[in-house]
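All of the numbers you see were taken from the coordinates with simple rules; none came from a lab. Everything numeric in this text was worked out from a predicted model, so none of it was measured.
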Amino acid sequence: MIRAMHFIKYLEGIHASPGSPPGPRLAWTSHSIQIDTGRYGIVVQTVIKSGEKAGTKVVIKKILSPFENEAYSTLLVREIQILRSLKHENFPKIIEVYTPNGGPEDFDNVRISFPSKE
C-alpha cells in the first residue's frame, strides 16, 4: 500500500501544475474492443464520448496489479517517464494516466491512454 501512495504522489507531480490534483478525466464509451493482452495487463480501443475531443478513438493500456511486487511498479514508472519524454511520430503521446477512484487500498490498476493510430 505504501508503494501505491508514492505512485499517486508521482501521478500528481506529472500533471501540468505539480502538486495540484489532476484535472477531470475524459469520459470513454462503454464499448471497447480488446486489442491485445500481455503479462502486465490488457490493451483496448475505445472512443471519447464527451468534451472537445468527443468521437476521437483512443487506446487504453490497463496495467493490472502494478504493485504486486516492486519490480512491476518500477517498470511502470520508467515506462511512463520514457513515453512522456519521447518526442517522435513513431511513439504515442500519452493523453492521460489515471487510477481507479478510491484510496490506496482500492488501487489495483493503472490506465494509460494514447491516441489511436486508426
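Before moving on, here are some points about what is shown:
- Long-range amide H partners of residue 41 with built H, under 5 Å: 64
- Per-residue HN-Hα couplings for the range 40-47 [Karplus 6.51, -1.76, 1.60; θ = phi - 60°; Hz; x = Gly/Pro]: 9, x, 10, 10, 10, 10, 8, 10
- For residue 56, residues with placed amide H under 5 Å, excluding near neighbours: 48
- Stokes-Einstein D in µm²/s, Kirkwood radius over Cα pairs - the range 37-118 at 10 °C with 1.306 mPa s viscosity: 115
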